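Presented below is the structure to which this report refers.
Since every read-out is calculated from the coordinates, none of them should be taken as a lab result. Values in this document were obtained by computation on a predicted structure and should not be read as measured data. Glycine gets a Cβ as well: all are built from the backbone with ideal geometry, and neighbour counts include every protein chain shown.
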Amino acid sequence: MNYTELDVWKYSRELVRLVYNLTKSFPNDELYGLTNQIRRCAISVPSNIAEGVGRQSNKETIHFLFIAKGSLNEVETQLYLSFDLGYISEEELKNILEKVISNKKLISGFINYYKKL
């Protein structure tokens with residue numbers, strides 16, 4: 001299976017793009033703080049999906065998918081913090097959280113798929 005053809009991987013790449021665009025407007029003093037952290041967590045999602053699919057066993061694949069899901073939880077938390085700090089609007093938060101939730105559902109479905117194999 002080629003991970004680049006998977007919807008779960010494609011959607012997670014879209015989330016990375018959205019996170020990068022959203023964090024462009026963060027204060028410069030956050031560059032090595034929240035901006036860097038949220039970007040790294042977002043990047044972790046498609047990276048761990050790719051690594052998991054490339055593994056030799058379903059158990060390893062599931063492990064990396066759970067890591068990707070954990071990274072999504074981190075991104076979600078950091079988005080709430082960004083809102084709390086006034087870096088993003090309520091509308092921006094709502095819109096990007098919809099993408100996070102969609103990604104979580106896709107990864108959960110992919111985990112369930114691998115558990116049945």
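What the table shows:
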{"item": "Lys59/Lys10 FRET efficiency (R0 22 Å; Cβ-Cβ; nearest 0.05)", "result": "0.35"}
{"item": "Sorted by Cβ density within 10 Å, fewest first, the residues Tyr20, Tyr87", "result": "Tyr20, Tyr87"}
{"item": "Acute angle (nearest 10 degrees) that the helix 90-116 long axis makes with the longest principal axis of the chain, alpha-carbon atoms", "result": "10"}
{"item": "The stretch 3-116: relative contact order in percent, alpha carbon pairs under 8 Å with at least 6 residues between", "result": "30"}
{"item": "Cα-based Lys pair tally, the chain, threshold under 16 Å, eight or more apart or on separate chains", "result": "13"}
{"item": "GNM result for the chain, Cα springs below 10 Å: residue of Leu93, Leu106, Leu31 fluctuating most strongly", "result": "Leu31"}
{"item": "The stretch 1-42: trypsin sites (Lys or Arg not before Pro) in DSSP loop, at most 12 other beta carbons within 10 Å", "result": "Lys24"}
{"item": "Alpha-carbon spread of the chain, three principal axes, descending order, Å", "result": "45, 25, 20"}
{"item": "Using alpha-carbon coordinates, inclination of helix 58-84 to the longest axis of the chain, degrees", "result": "10"}
{"item": "Likely footprinting exposure, Glu60, Glu5, Glu76, fewest C-beta neighbours within 10 Å first", "result": "Glu5, Glu60, Glu76"}
{"item": "Separation of alpha-carbon centers, the stretch 63-104 and the stretch 25-40, rounded to whole Å", "result": "14"}
{"item": "Rounded tilt (10° steps) of 34-53 against the dominant C-alpha axis of the chain", "result": "10"}
